[in-house]
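Colleague: Below: one structure in C-alpha cells.
The values are calculated or read from the model by the stated rules, or taken from the named source; none is laboratory data. Bear in mind the structure is a predicted one, so any value in this text is a computation, not a measurement. Positions of Cβ are generated from backbone atoms using ideal geometry, with glycine treated the same way; all protein chains shown enter the neighbour counts.
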Amino acid sequence: MKVAPSILSANFATLGEDVKKVEQLGADWIHIDAMDGQFVPNLTLGPNIVEGLRPITTLTLDCHLMVQEPERFVKEFAKAGADYISVHIEATNHIHRTLQLIKSEGVKAGIVINPGTPVSAISAVLGMVDLVLVMTVNPGFGGQAFIPETLDKVRELVELRKENGYQYLIEVDGGVNGQTAKLCREAGVDVAVAGSYVYYADDIKKAIDSIKEA
C-alpha cells in the first residue's frame with residue numbers, strides 16, 4: 001500500500017523541508033488538499049503550492065480539489081505540475097466533462113466520493129478514471145476519526161474493478177493510522193492518505209512504515 005502524506009498537516013513555515021523529509025523517509029506520494037471555503041468549511045492550498053513543490057520532489061503530486069465547480073481550476077493545477085487531479089462527484093454538475101478536461105491536460109484523473117455518497121453515483125465514469133478516492137472522514141479538516149463503514153465502498157470498488165477490467169487505483173483519505181491502515185489493506189486499498197498521523201508523529205519513519213507494513 002502506497003503512503004501519501006497530506007501536507008495539510010505539515011508546517012507551512014518549512015513546507016519544502018517537510019516534503020523532502022517524508023520523501024527521504026519512505027513516502028510514495030504527496031497529497032495536496034485544495035479547499036475553497038464553500039464546498040468544505042476550510043480554506044487552504046492553491047496551484048501555487050504545487051508549482052513551488054514540483055521542482056523539489058520527484059514524488060507523485062496527488063491534488064485533491066475540495067472545491068465547488070472544480071473544472072474552473074483544472075488547467076491551473078495541471079500547469080503547476082500535478083500528476084493526479086481528483087474531483088468530487090458532489091461538487092460538479094458535469095463530472096464526465098470535468099474528467100475529460102483533466103485527461104486532456106495530460107494529467108491522471110481521479111474521482112472522489114464523500115462518506116454519504118454511494119459508489120453507484122460514480123458507476124458511469126469508473127471506466128475513464130485512474131483513481132477513486134473514498135473519503136473515510138467528512139472532508140474539510142484533518143485529525144478526524146476514521147469511519148469504518150466507508151470500507152464497504154472500497155470492497156465494492158475492488159469487485160467492480162475485477163468484474164469490468166477497470167484500471168483505477170483505490171485511495172482512502174481520513175483517519176488513517178497504523179491500526180486503521182490494516183483494515184484498509186484488508187479491504188483492498190492501494191493508496192492511503194495520512195496527514196496528522198505522519199506529520200505529528202515523534203518518529204515519522206515509523207509512522208510511514210506502520211502504514212506500509214499493514
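Colleague: From (1) surrounded by 23 or more Cβ atoms within 10 Å (Cβ to Cβ); (2) in a loop (DSSP other than H, G, I, E, B), pick out the condition that doesn't hold for Asp202.
Modeller: For Asp202, the failing item is (1).
Colleague: Another question, if that's okay. When you check Ala82 against the structure, is it closer than 23 Å to Asn42 by Cα, of a type in the set (Gly, Ala, Ser) and in contact with a strand residue (DSSP E or B) (Cβ under 8 Å, 6 or more places away or on another chain), yes or no?
Modeller: Yes, satisfied.
Colleague: Restricting the search to region 143-174, which residues are at pLDDT below 95 and within 13 Å of the chain's Cα centre (by Cα)?
Modeller: Of everything in region 143-174, just one residue is at pLDDT below 95 and within 13 Å of the chain's Cα centre (by Cα), namely Gly174.
Colleague: Would you mind stating whether Val129 is touching a strand residue (DSSP E or B) at 6+ places or on another chain (Cβ under 7 Å), surrounded by 21 or more Cβ atoms within 10 Å (Cβ to Cβ) and modelled with pLDDT of 95 or more?
Modeller: Criteria met by Val129.
Colleague: For residues that are among the hydroxyl-bearing types (Ser, Thr, Tyr), modelled with pLDDT of 95 or more and surrounded by 15 or more Cβ atoms within 10 Å (Cβ to Cβ), tally how many sit in region 35-77.
Modeller: Adding up the residues that qualify gives 2.
Colleague: Which condition number does His64 fail, the rest of (1) under 21 Å from Asp190 (Cβ atoms); (2) over 12 Å from the mean Cα position of the chain (by Cα); (3) outside any helix (DSSP H, G or I) being met?
Modeller: (2)
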